[in-house]
Amino acid sequence: MSEFVANLMAEVKAKNPNEKEFLQAVEEVAESIAIVYERYPEYRSAKILERIIEPERVIMFRVPWQDDQGEIHINRGFRIQMNSAIGPYKGGLRFHPSVNLSILKFLAFEQVFKNSLTSLPMGGAKGGSDFDPKGKSDNEVMRFCQSFMNELNRHIGPNTDVPAGDIGVGGREIGFLFGQYKKLRNEFTGVLTGKGLSWGGSLIRPEATGYGSVYFASEMLTTRNQTLQGKTCLVSGSGNVAQYTVEKIIALGGKVVTLSDSSGYIYDDQGINREKLDFVIQLKNIRRGRIQEYVEKYKNAVYTPVNPADDFNPLWNHKADCAFPSATQNEINGKDAKNMLRNGVYVVSEGANMPTSLEGVKQFLDAGILYAPGKAANAGGVAVSGLEMSQNSMRLPWTREEVDARLQMIMKSIHKTCVENADKFGTPGNYVNGANIGGFLKVANAMMDQGLL
Ligand code: NDP
Ligand code: 2IT
């Protein structure tokens, strides 16, 4: 660790004790920005990174709601408005019992760089609640979303802050949130993305993160004159990102052998084909069941429960060429990374945000594999959110083909930005530096132009 990073981290740690995910995200970026500061001392004296680390605004609020039996529950709601240098705040909402300030600050911090990489005018934000949608009825989820929006509505708007989905927030939740915003404000505007198609949503938004992550992997493979055709792929998660990652890998001729949820994973040596994927989509999105049910239907597949307290995750210990972690943060630790490399994995495209621990990242970088950090590889989701905002402003929907073509163009351009910046700053092939520096420079220049804020 350089002296600059050590000093910076000591300060950030003192100010934000116990925020381990946030500290992890900052440390990973700081290592890259140290290189920029050396070459361009004007950013250092303007303390651009130090300013980006401090959120512009943190909003924390009470979310009371009543369950179907009439019992009252109180959850905590958050919105972290991290940076608005290049556009309105933009980023998802996460509903999961693990949600806390550290997790949302890490996500909002990452979002600043990711949104900048898309080349669209979007600042960075994240929000959510420790509410657990699992096992709740549609009516309970609706009452929760309405209560959440009762407070959030006063902090957001189509030109101020535009939330979207993340873990636990999909089309159903965005619908309830949008309905309540419209009722409270008496405005039909593009205040949220991921909306339904008949009320302002964009084609390809549900697919965008997964498709984008696979497009990014294909771009990385192109640098070695290869394609996904015939490649064996490990995918984790079984939610929105994982589902469309599998769909695109199948379409490009790859073979997916794993999927997971927070209880365990399935390994299907014959590969997850279109029919099996449809079963998973029905299982997870409609019946809201567990991935374990996959092996009751497809007898050749094996289910293994996973205990997050164990020192490695067996999902990452299978022979494969590519890995698409698409569940949650820190799902790949140092030991998992070692297992992956030993099993032949040489392409990692992060659909999830920060799925790899710092130790794991170091191993991927040292091994010189094609490793794309989440802020580059999963930027397709927010990019198509940006395209949804454009369509809302124009009041004109684009076709599926048009949005998909733009998504592909954006993923190509992010890849190019990463490669060029990695080269320019003396670390060729290092997509972590490439993404961090590429995302940083645009925000930094906007902040320099706009004065000390
Ligand atoms: P979903 O809620 O649709 O799915 C999440 C999946 O991850 C589920 O299979 C879930 O299992 C699993 N999961 C969640 N928490 C944990 C945990 N603590 N341990 C193990 N597994 C877990 O969310 P998304 O697919 O939208 O999000 C997945 C990842 O992608 C997240 O990191 C998110 O931040 C990131 N992302 C999402 C984008 C989007 O557009 N939706 C855009 C960019 C990144 P279970 O069913 O058991 O909860
Ligand atoms: O992490 C992410 O980029 C998202 N959850 C999507 C954010 C968005 O505004 O579409």
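A few comments on the model shown:
- Stokes-Einstein diffusion coefficient of region 144-293, Kirkwood radius over Cα pairs, 10 °C, 1.306 mPa s, in µm²/s: 93 µm²/s
- Within-11-Å neighbourhood charge of ILE156 [Cβ basis; K, R +1; D, E -1]: +2
- In sequence order, calculated HN-Hα J values of region 279-295 (Karplus, 6.51, -1.76, 1.60; Hz; x Gly/Pro): 4, 5, 4, 4, 4, 7, 8, 9, 7, 6, x, 10, 5, 3, 5, 4, 6
- The overall shape of region 298-453 is oblate: from the C-alpha gyration tensor, with semi-axes ordered a ≥ b ≥ c, the ratio a/c is 1.5 or greater and a/b is no larger than b/c.
- Sites matching GluC sites (Glu not before Pro) across region 29-83 that sit in DSSP coil, with at most 16 neighbouring C-beta atoms within 10 Å: GLU71
- Peptides ranked, highest mean first, by Cβ atoms within 10 Å: ranges 352-360, 156-164: 352-360, 156-164
- GLY91 long-range amide H proximity, modeled H, under 5 Å: ALA125, VAL162, ALA164
- Isotropically averaged projected area of the chain, using the convex hull of Cα atoms (one quarter of hull area), nm²: 20.7 nm²
- Anisotropy class assigned to region 119-170 is prolate, per the alpha carbon gyration tensor with a/c at or over the 1.5 cut-off and a/b larger than b/c.
- What the phi angles of region 255-271 give under the Karplus curve with 6.51, -1.76 and 1.60, with θ = phi - 60°, is a coupling list of 10, 9, 10, 9, 8, 8, 9, 6, 9, x, 9, 10, 10, 10, 5, 7, x Hz, glycine and proline written as x.
- Straight-line reach from LYS183: taking Cα to Cα under 29 Å and skipping same-chain neighbours fewer than 8 places apart, the lysines in range are LYS90, LYS126, LYS134, LYS136, LYS195.
- Each Lys and Arg contributes +1 and each Asp and Glu -1, all at the Cβ; summed about the Cα centre of the chain, the dipole is approximately 680 debye.
- Counting only DSSP beta bridges whose two residues both lie in the chain, roughly 60 percent are antiparallel.
- Which of SER32, ILE74, SER84, positive extreme of dipole for region 1-160 (C-beta unit charges): SER84
- Between amide H atoms placed 1.01 Å from N, distances below 5 Å from ASN75 occur with VAL63, TRP65, all of them 5 or more places distant or on a separate chain.
- The number of Lys pairs in region 327-453 with C-alpha atoms less than 16 Å apart, excluding pairs fewer than 8 positions apart on the same chain, is 8.
- Amide H partners (placed H, <5 Å) of LEU259, local residues excluded: ILE266
- Highest average packing first - 330-340, 217-227, 111-121, 180-190, Cβ atoms within 10 Å: 111-121, 330-340, 217-227, 180-190
- Region 389-453 shape via C-alpha gyration tensor axes, a/c threshold 1.5: oblate
- The string of couplings for region 397-406 from the Karplus curve (6.51, -1.76, 1.60, θ = phi - 60°) is x, 9, 6, 3, 5, 5, 5, 5, 5, 5 Hz, one whole number per residue in order, with x for Gly and Pro.
- Simple rule: put +1 on each Lys or Arg Cβ and -1 on each Asp or Glu Cβ in region 292-431, find the dipole, and look at CYS418, VAL306, ALA320; the Cα lying farthest toward the positive end is CYS418.
None of the figures in this text is laboratory data; all of them are computed from the coordinates on show. Bear in mind the structure is a predicted one, so any value in this text is a computation, not a measurement. Using ideal geometry, Cβ is built from the backbone for each residue, glycine included, and neighbour counts are taken over all protein chains shown.
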